[in-house]
1. Over all residues in F:290-299, what is the mean tally of Cβ atoms on other chains that come within 10 Å of each residue's Cβ?
2. Given the rule -39500 (n - 2.57) for each run of at least 4 DSSP H residues, summed and divided by the residues of the protein assembly as shown, what is its mean residue ellipticity at 222 nm, to the nearest 500 deg cm²/dmol?
3. If I compute solvent accessible area with a 1.4 Å probe over the protein chains, what percent of it on the protein assembly as shown is carbon and sulfur?
4. So what's Rg/Rh here for chain B, counting alpha carbon atoms and using the Kirkwood radius for Rh?
5. Could you tell me how far the Cα centroid of segment C:53-107 sits from the Cα centroid of segment F:257-285, in Å?
6. Could you report the accessible area of residue F:204 in Å², rounded to 10, computed with a 1.4 Å probe on the protein chains as they sit in the structure?
7. Compute the signed sum of charges (Lys and Arg +1, Asp and Glu -1) over the other residues within less than 15 Å, Cβ to Cβ, of residue E:329.
8. Need the list of lysines near residue B:8 for cross-linking: C-alpha distance under 24 angstrom, and skip anything on the same chain fewer than eight residues off.
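The values are calculated or read from the model by the stated rules, or taken from the named source; none is laboratory data. Quick caveat, the model's predicted, so the values are computed rather than measured. Reconstructed Cβ throughout: ideal geometry from the backbone, glycine too, with neighbour counts over all protein chains shown. For the accessible areas, the whole protein counts, side chains as well, though only heavy atoms, and no ligand, DNA or RNA atoms are used. Shrake-Rupley method; radii C 1.70, N 1.55, O 1.52, S 1.80 Å.
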Amino acid sequence: MHRLVPEKLVTVITTDVLEQRLVALVRRRGASGYTLLRARGAGSDGLQSGNLEIDTNLLLKVILPPDRMSGLLDDLNALIGQGYHLTVFVSDVAVLNHEKFERPMTT
Amino acid sequence: MHRLVPEKLVTVITTDVLEQRLVALVRRRGASGYTLLRARGAGSDGLQSGNLEIDTNLLLKVILPPDRMSGLLDDLNALIGQGYHLTVFVSDVAVLNHEKFERPMTT
Amino acid sequence: MHRLVPEKLVTVITTDVLEQRLVALVRRRGASGYTLLRARGAGSDGLQSGNLEIDTNLLLKVILPPDRMSGLLDDLNALIGQGYHLTVFVSDVAVLNHEKFERPMTT
Amino acid sequence: MSAFSNLLIPAVLFFALGFVARLIKSDLRFPPDLAKILSIYLLVSIGLHGGVELAKADLGEAVAAVVWALLLGLLLPIIGFGLLLATRRVGPLDAAAIAAHYGSVSAGTFLTAIAFLGSQGIEYERYPLIMLAIMESPAIVVGLLLASWSRGRIAKTAPERGTPRADHGNGHLGDILREAFTNGSVVLLIGSMLIGAIANPKAMESLHPFTTDIFMGMLCLFLLEMGLEAGRRFADFRRVGWALVTFGLAMPLIGGAIGVLVGDLMLGFSVGGTTLVGVLGASASYIAVPPAMRLAVPEANPSFYLTLSLGVTFPFNVVVGIPIYHQLAQMLAGGA
Amino acid sequence: MSAFSNLLIPAVLFFALGFVARLIKSDLRFPPDLAKILSIYLLVSIGLHGGVELAKADLGEAVAAVVWALLLGLLLPIIGFGLLLATRRVGPLDAAAIAAHYGSVSAGTFLTAIAFLGSQGIEYERYPLIMLAIMESPAIVVGLLLASWSRGRIAKTAPERGTPRADHGNGHLGDILREAFTNGSVVLLIGSMLIGAIANPKAMESLHPFTTDIFMGMLCLFLLEMGLEAGRRFADFRRVGWALVTFGLAMPLIGGAIGVLVGDLMLGFSVGGTTLVGVLGASASYIAVPPAMRLAVPEANPSFYLTLSLGVTFPFNVVVGIPIYHQLAQMLAGGA
Amino acid sequence: MSAFSNLLIPAVLFFALGFVARLIKSDLRFPPDLAKILSIYLLVSIGLHGGVELAKADLGEAVAAVVWALLLGLLLPIIGFGLLLATRRVGPLDAAAIAAHYGSVSAGTFLTAIAFLGSQGIEYERYPLIMLAIMESPAIVVGLLLASWSRGRIAKTAPERGTPRADHGNGHLGDILREAFTNGSVVLLIGSMLIGAIANPKAMESLHPFTTDIFMGMLCLFLLEMGLEAGRRFADFRRVGWALVTFGLAMPLIGGAIGVLVGDLMLGFSVGGTTLVGVLGASASYIAVPPAMRLAVPEANPSFYLTLSLGVTFPFNVVVGIPIYHQLAQMLAGGA
Ligand SMILES: Nc1ncnc2c1ncn2[C@@H]1O[C@H](COP(=O)(O)O)[C@@H](O)[C@H]1O
Ligand SMILES: Nc1ncnc2c1ncn2[C@@H]1O[C@H](COP(=O)(O)O)[C@@H](O)[C@H]1O
Ligand SMILES: Nc1ncnc2c1ncn2[C@@H]1O[C@H](COP(=O)(O)O)[C@@H](O)[C@H]1O
Ligand code: NA
Ligand code: NA
Ligand code: NA
C-alpha cells in the first residue's frame, strides 16, 4: 500500500509580470519547490489573451505543509491588498512522497 | 486568519477548436473569469499531439458559485450529447478573495 | 440533475524526458486517456527553467477508476525508487460523463 | 526516372527524414508552435506570390480557373463520399467528414510539387495558386451538406437518436458557413493574395528575400515536421483498416487524374500547370478542413480523417503521387 | 495622396488584414510566441542598425538627440496626465498609467514610418533610432512619479485607504527604477545598439541578410499580428468610453506635432528625420511600459491603457497618423 | 590580440549581452520555444553544409576523422571521470553523468569558433563538421558504462541499496543504447548531412539564402539566449563548489589540448581545422547528453552537469577558450 499523505496545494493565477515576486515569496515561505504553467484567460483585470508579452498569465502551483501555507496566504493577501489581481485557491491533495515537501529549496 | 471560502472549480479538457464556444458559455453563465491552458493528450477521440493547429487541446478552468455551476454543467452535457469529446470534472476548492467570483465579467 | 460521479485524478510533475515512459505506464494501467501540460518550476532537482530542451517539465493528469489507480501509483513509486524526481499527488474529483473513464485507450 | 529525381529534392528528403525518425522511434520533435509558424509563413508567401501574378492575370483565364476550382471542390467530396460508403467500413457521418478533406488541398503537397517542377526546370502557370486559395471553402460546405443529409437519413432509421442532431445541424448552419469562409488559413491566403495584387510593386520587391529567397529552407523545415506527423499517424493505419487505407491511396489517384484532365482539357495549361491542377485534385487538406469538421461534425472520429489525410495520402502524394501526376500531365498536355 | 500611398505599403496592408480578420470574426490566430519572437527580431535588427549609425555619428548631434528624447519622454506624460484628468473619466492612478505610455514609443509604428519613407524614397537621419531606445525609461519614471503623487493626494482625501499604498510605493521604488532601466526590451535595444557600434564592421556585414534583407517580411508578419491584437482591443472601445477614445486620437496628434517641432526647430532634421521624431512623439508604447505599470501601479486598470495604446492609438498612427506627421514635417522642414 | 578580436565578433557580443542582462537582473527573456527553434535551424544548416562537403570528401581522410571523433568521444569522458573522482566532491554516478558531457560537443561553441575563424579570414577543413555529428553518441555510451560500473561498486559497498539500481541498469540498457543513437539532435544532424550529400546540387543552391546568408543572425540570437541561460546557471556556481568549477575550467583546456594534438598530428589539418578539433575536444554538450543522462542516470543531480556545462565551460570556451585553442593550433600546425 502507498502511504498517501494529505497536503495542501495552493494555486495562484495572475499576470506573469509578477513571476519573480511570487517565486520569491514561495522560496521565503520554505516550499520544497513550485510549478509554473503558462496561462491566459479573463477576469476583472480584462482579457489576458496570452499573445503579447504584456497580456500573458501564469498559473503557479505550490504544495506545502499546512503550517507554511498560512504565511504564504498572508503574503498573497497583502499583494491583493496592494491592488494586484490574483486568483488564489487551495485544494486538498494526497501526496505520494511525503517527505520531499518538507525540505525547503536550497537555491 | 484568512477566510477561505469553499467554491467549485470546473475543469474542461477538449480540442481547442471549441474555445470560442466554451468561453461564450462561461460568460453566459455569469462566471467572474476563466483560465485557459494549452494541453495535449489522448482519449477516445484519438491522439491530440499538440503539434498541429488541428490536434491541440485546451484545458479550461472556471471557478464559480455552486448555483451558477449547475447551468454550466447543463451546457457542457448538451455539447457531449451532440457528440463533442469533453472531459469534465468538478473539484472542491477554497478561495481566498471570495467576493470576486460573484461578479460576472463585464466584457 | 447531473450525475457527478467521484473519481481519482492523479497528477505527476517531472522532467519531460520521461514523457514516453509515463505515457506507456498510463496506457498499461488501462486509463481512458491522459492530458499533458508543459510546465517549468524548481524542486530538489534544481531549476527547470523551461527554456531549453533539457530543462522543461511536464505535468500529467490522469483520471482513472480507483482500482486502476493503485497500480499506477506502484509504477510511479518504482520510478521514484530508481532515483527519478517525481512530484505525485492525488485529488478527488467528480466527473460528468462517468462511463468514458472506464474504457481503456485503444491505441 | 522522374520519380527518382523527385526523391532527391531536399524538401522530399526532409519529409523522409521526419518519417524515418519516427519509425526508428527517435525522440526528435519540434516545439509545438514551429509547425504553426512555418505554416503561416508559407501561406503568406504563396499568397503574396499568387497576388502578384493575379495582378498580371488575364481576367477570362482567372475566372475559368476559379470556376474549375469551385467545381473540383464540390465534385471530389461527392465522389469520395460514394467510395467511402461503398467500403462499408465507416458510417455516413465519418464518410462525410473524410470526403470533405479530399475536396480541399494540401498546401505542403502543392509546394513540394512546385519544388519538383522547379528542380526540373519546368515552367507552370500561376493560376493554380489562385485555385489553391479557392478550394478550401467549397469542400467544407459540401462536407457539411453531406453530413446534414446523413443525419437526416440516420434520423429516419432511428428517430429517437436523430432528433437532437438534426436540430443542432440547423441551429448552427449559418455559423458553420461563415466559418468555412472566415477560416484562418483561407483569410491568410486570400488576404495575402489581395495584398500582393494591390501593394506598391517596388515595396513588394523589398519583400523578395523574405518570401522567395528563404522559402525553400522554410519549406524543408515544414516538411520535416510533416514527416514526423505523418510517421506518427502512419502507425495508426492498422487501426483504420485496409479498406480505408486503400481509399487513402486510390482517392488521390482519382482526384489527380480528374485534376490533370481539368488542367489540360478545360484550362489548357502547360505540362507544369496541368501537373499542379492534378496535385490540387489529388491532395487532401490538413489545415482548414479538420477543424471545420471537428466543429461541425463532432460525431465523426478525427482519427479516421487525420490518419488518412496526414498518414496515408500526404506521404503518398509527396513521394510517388507528384511524379505520377506529372507523367499523366506529360502524356496529355505534352502531346499538344 | 501621400495618405493613400501609405495604405499600399505591404506592412500597413498586413496590419489591415489582421484588423479585418478580427472584425469578420475569423479564427485566424498566431501561436502565442510568434509575436514575441518577431518583436525580439525587430528590436535586435533596429538596434544593430542604430549602432552602426551611432558609430559614425557626430557626437554633438547625438547628444542633442538624446537630450531631446529625454525631454520628450518627460514632457509628454505630463501633458497626457493633465488631459486625462480633465476628461474626469479616470482616476489619477489610471491617468498616470495611461500617460506613461504616451511618453514612450511604439517600435511597430516607428518601423512602419520607416517603411513609409522608404517606399517614397525619402531620406532620413539615423538619430531617431537612438532616440527610440532612450525614450522607454524616462516615460516609465515619470509615470511612477505621477502615480506616487496621486497616491499621496488620495491618501490625504481618504487617509484610511491611502496608507498602505503610499507605504508600498516607497518600499519598492528602488526596484521599480531599476526595472525601468533593465526592462527587457530596453536592454535588448540598447545592447544591440552597442554591439552594432563596436563590432567588427566586416562581421557586421555578414549579418546584413538577416537584419536587413528579410526585415520587411518580418515586419509584415509582426504588423499582421498587431492588427489582430488591435482588432481584439478595438472591440473594447465602447467599454473605455468616448472621452478616452478621443484622448487616444488627440494625444498622438499633440505628441506628433510637438515631435515635429522638436525634429525641425531643435534638431534641424530633414523632412524624413522630422517625420520620425513626430512619430516618436505620437506613438504609445505597448512593450516596455505596460508591464512596468502593471507591476508598479497595480491599482490602474490594464484594460484602459491596453485598449488605448493598442486598440486606438496604434491603428490611428499606422493608418492616418504617419502621413499626417509627414505632411506637417514637409510644411515645416520642407520649406527650409 | 586574437583574444580581443574574438570579443568583437557579434555572436560573442550577443552572448555577453545575454549574460550581462542576467547579471543586472533584467527581465529580458526569450519565449520558451525560441531556443529550440534556433537550435533546430542551426543543426539543419550545419548538417547540410557538412553533407555537401562530405560528398566531396576524400574517403580516407573522412574515415580517419570519424575514427578520431569516436576515440575522442570515448577517451575524454574517462579522463573527466578520473578527475572528478579525484576532487572527492561528487559520487561516482554524478561523476559519470558530468564526464559524459565532456566527451560530447557543444554546437554553439563550435559555430562561434567558425565565426571566429571567418572573422579572421582563416581557412579550415570541413571534416570537423562530420566529427561534430559523430561525437554525441559515444560519449553517451561511455557515460552509461561508467554509471553502470559505479552502480556495481556501490552495490558491493552497500548491497541492500544497490540491488534495485543494478537491476534497473541492465533492464533498460538496450533502450538506452538505442536512445544514444536515435537522439533527436543526432538524427537531425546526421540526417541533414545525408541530405546535403545526396540531394540534387542545384536544388541545394536554392537553400543557400536560408542555410548560409541568414546563418550568422540566427547564431547571434541563439547565443543571446545561451548567454541568458549561462548567466542564470552561473549564479549557481557557488552551490556546485569551487572544486567542480575548477574542473569546469580545467577540463576544456585538457580536452582542447588533446583535440589540437589530434587535429595536427593525427589528422594533419591546417591551423583552422586544428583549432576546430580543439574546440570539439574542449566543449561540453548541452543538447543530446543531458536528457540521456537524466533518463539513464536519474541518481545524478542535473544541477551539477547543467551548471558546469552551461554556466562554466560554455562561457569559458566562447570568450577565452577559442582564442587559446587557436593559439595552440598556431604554435603546432602553424609551424609546419
Ligand atoms: N472565475 C474564475 N475562474 C477561473 N479563473 C479565473 C476566474 N477569475 C479570474 N480568473 C483568472 O485569474 C486571472 C486574474 O483575474 P482577475 O483578478 O479577475 O483579473 C484572470 O486573467 C483569469 O485567468
Ligand atoms: N482519463 C483521462 N484522464 C485525463 N485526461 C483525459 C482522460 N481521458 C481523456 N482525457 C483528455 O480529454 C481529451 C478528450 O478526451 P476524449 O473525450 O476521451 O477524446 C483527451 O485528448 C485528453 O486530453
Ligand atoms: N512543493 C512543490 N510544489 C509544487 N511543485 C513542486 C514542488 N516540488 C517540486 N515540484 C515540481 O516538481 C518538479 C520535480 O521536483 P523535484 O522532484 O523536487 O525535483 C519540480 O521541477 C517542480 O516543477
Ligand atoms: Na483535393
Ligand atoms: Na510617444
Ligand atoms: Na568535448
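1. Working: counts 6, 9, 3, 2, 10, 7, 1, 1, 11, 3.
Mean number of neighbouring Cβ atoms from other chains: 5.
2. Details: 63 runs with 828 residues, N = 1329.
Value at 222 nm, helices only: -20000 deg cm²/dmol.
3. So the carbon and sulfur contribution to the accessible surface is 64 percent.
4. Working: Rg = 14.6 Å, Rh = 14.6 Å.
My calculation of the ratio gives 1.00.
5. 49
6. Near enough 30 Å² of accessible area.
7. Working: positive: none; negative: E:123, E:125, E:264.
Counting the neighbours of residue E:329, the net charge comes to -3.
8. Those lysines meeting the cut-off are A:8, A:61, B:61, B:100, C:8, C:61, C:100.
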